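Report on one structure; see the data block that follows.
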Amino acid sequence: MRCLTLYLALFAALWLGNSCATPAPPSELPEPPEPGKAVEAAEPPRYALEFEGATAESPSRVFLRYSLRVENAAARDAGTEIGGWKVLLNGAEGAFPAGLLAGEREGGAVQLGLDLDLPEDGGDFDEYRVTLALILAETGIPLEAEAVFPRIREPQFVISSIAILKDELVNTRFRVDLRIENPNIFPVVLSSFGYELYGRDRFWAGGEERDLLEVPAKGFAEARLQLVMNFINMRRDLLDEVIALGNVPYRFTGEVRVDTPVPLLPSFRMGFDRRGTSTVLK
């Protein structure tokens, strides 16, 4: 009986000790989302197409530089492969040749280059607006960038008159009055000007001028060329026309260097080949 009393007393002590102990705090768990509230997803990549600059080989051939930039906060890589592209010239698609070159991706950008052959006769306007439109292959995201640069046109040459200055035994010295028209919105300077003059498709004379000649914007300048014609190898009918001061069909050809104030194309060489009819004066 005494043993049973001791056993009950020990059991009661153990039960009272366990009931007074402080329970361990539960481990912290994330709070469940509120009903109806969507879980915030990672921010998608952001793309931008930027025009960087342009250079030109001639008034009708330019090379445009672009940068395709991507900002990406997601864990996986953002694709920059181009699925399709087109070029708009002054707001319209055309049949002009164009080629797009894409470089390797470095960091967050891909360098792009656009070769473009501009139409020589595109109307009366003074600047180009070229829009490059891309579609990314993986995402289908459309991107556009516009490049604006001045139009550069070749000067035009017209013979105003041909005048005989002095008759000699086998030579005739004469003067050619030349009108140079500048269709650009900026002045141009002509230098290293080489030329040949033909009458009825027979060579008359040629020469080269190295004096600089400035032609104002949307204006013209006049030059006087001194030439010497040799009659030894000329046909008799042409010689008679020159002597009689008649109308002579001519052909004026050559090459000239044109200097411009435009960083896009500071200078270029152009050939010319003009035909017409002029009265020989004396």
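Kindly indicate whether any position in segment 139-148 is within 29 Å of K282 (Cα to Cα) and hydroxyl-bearing (S, T, Y). Checked against the condition, which is being within 29 Å of K282 (Cα to Cα) and hydroxyl-bearing (S, T, Y), segment 139-148 yields no hits at all.
Of all the criteria given as (1) assigned by TED's automatic domain parsing to the domain that holds E181; (2) in contact with a Lys or Arg (Cβ under 6 Å, 6 or more places away or on another chain), the one not satisfied by A109 is (1).
Considering only residues that are of a type in the set (G, A, S) and in a loop (DSSP other than H, G, I, E, B), look in segment 127-151 and name the one that is surrounded by the fewest Cβ atoms within 10 Å (Cβ to Cβ). The residue in question is G140. Residue count for segment 59-88 satisfying the condition of being assigned to a strand (DSSP E or B) and either modelled with pLDDT under 90 or over 11 Å from the mean Cα position of the chain (by Cα) (or both): 12.
Of the residues that make up segment 114-124, is at least one farther than 30 Å from E214 by Cα, in a strand (DSSP E or B) and over 14 Å from the mean Cα position of the chain (by Cα)? Checked segment 114-124: no residue is farther than 30 Å from E214 by Cα, in a strand (DSSP E or B) and over 14 Å from the mean Cα position of the chain (by Cα). Just one of Y250, Y195 is modelled with pLDDT of 90 or more, part of a strand (DSSP E or B), hydroxyl-bearing (S, T, Y) and within 23 Å of S161 (Cβ to Cβ); which is it? Sole residue among the options that is modelled with pLDDT of 90 or more, part of a strand (DSSP E or B), hydroxyl-bearing (S, T, Y) and within 23 Å of S161 (Cβ to Cβ): Y195. Do we have P119 as exposed (fewer than 13 other Cβ atoms within 10 Å of the Cβ) and out of contact with any Gly (no Cβ under 6 Å at 6 or more places or on another chain) here? Yes: the conditions hold for P119. L169 meets all of the listed conditions (1) outside any strand (DSSP E or B); (2) farther than 29 Å from F272 by Cβ; (3) assigned by TED's automatic domain parsing to the domain that holds R61 but one, namely (3).
The values are calculated or read from the model by the stated rules, or taken from the named source; none is laboratory data. Keep in mind that this is a model prediction, so the values were computed, not measured. Cβ: placed from backbone, ideal geometry, glycine included. Neighbour counts: every protein chain shown.
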